[in-house]
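A short write-up of the structure that comes next.
The values are calculated or read from the model by the stated rules, or taken from the named source; none is laboratory data. If you're wondering where the values come from, they're calculated on a predicted model, not measured in any experiment. Note: ideal-geometry Cβ built from the backbone for every residue, glycine included; neighbour counts use all protein chains shown. Keep in mind that these areas ignore ligands, DNA and RNA; they rest on the heavy atoms of the full protein, side chains included. Shrake-Rupley method; radii C 1.70, N 1.55, O 1.52, S 1.80 Å.
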Amino acid sequence: MPEVIVNMAAGRTDDQKKGMMLDITQALVKNLGVDAEVVTVQINEAPLTHKMKGGKTFLERKAAAK
């Protein structure tokens, strides 16, 4: 039974996350030939202050982009 774990920074809406999970589910159904009922998709979200790229937290990067 396929299981997909998505790690990402917090900040997306519930609708965006649901849409992403549905798309991932459909991709596995299409490409692996499994039923949607056996697919598990989990999102692990990190607060913007708990994720860093290039020496800056995602909160710092977001502030700099404005």
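Any idea which of ILE5, VAL34, LEU48 is furthest toward the positive side of the dipole for the range 3-64, if Lys and Arg beta-carbons carry +1 and Asp and Glu beta-carbons -1? Towards the positive end, the residue furthest out is LEU48. Specify which labelled value, from (i) 5.5; (ii) 3.9; (iii) 4.5, agrees with mean projected area of the Cα convex hull in nm² derived from the coordinates of the model shown. For mean projected area of the Cα convex hull in nm², the calculated option is (i). Taking a straight line from the alpha carbon of LYS30, these lysines sit under 30 Å away, with near neighbours fewer than eight places off in the same chain left out: LYS17, LYS18.
Keeping all protein chains in place, calculate the accessible area per residue for the chain (probe 1.4 angstrom), answer in Å². Provide the component values of the computation, followed by the final result.
Numbers: 5060 Å² over 66 residues.
On a per-residue basis, 77 Å².
The mean sequence distance of close C-alpha pairs (under 8 Å, at least 6 residues apart), as a share of the length of the chain, puts its relative contact order at 41 percent.
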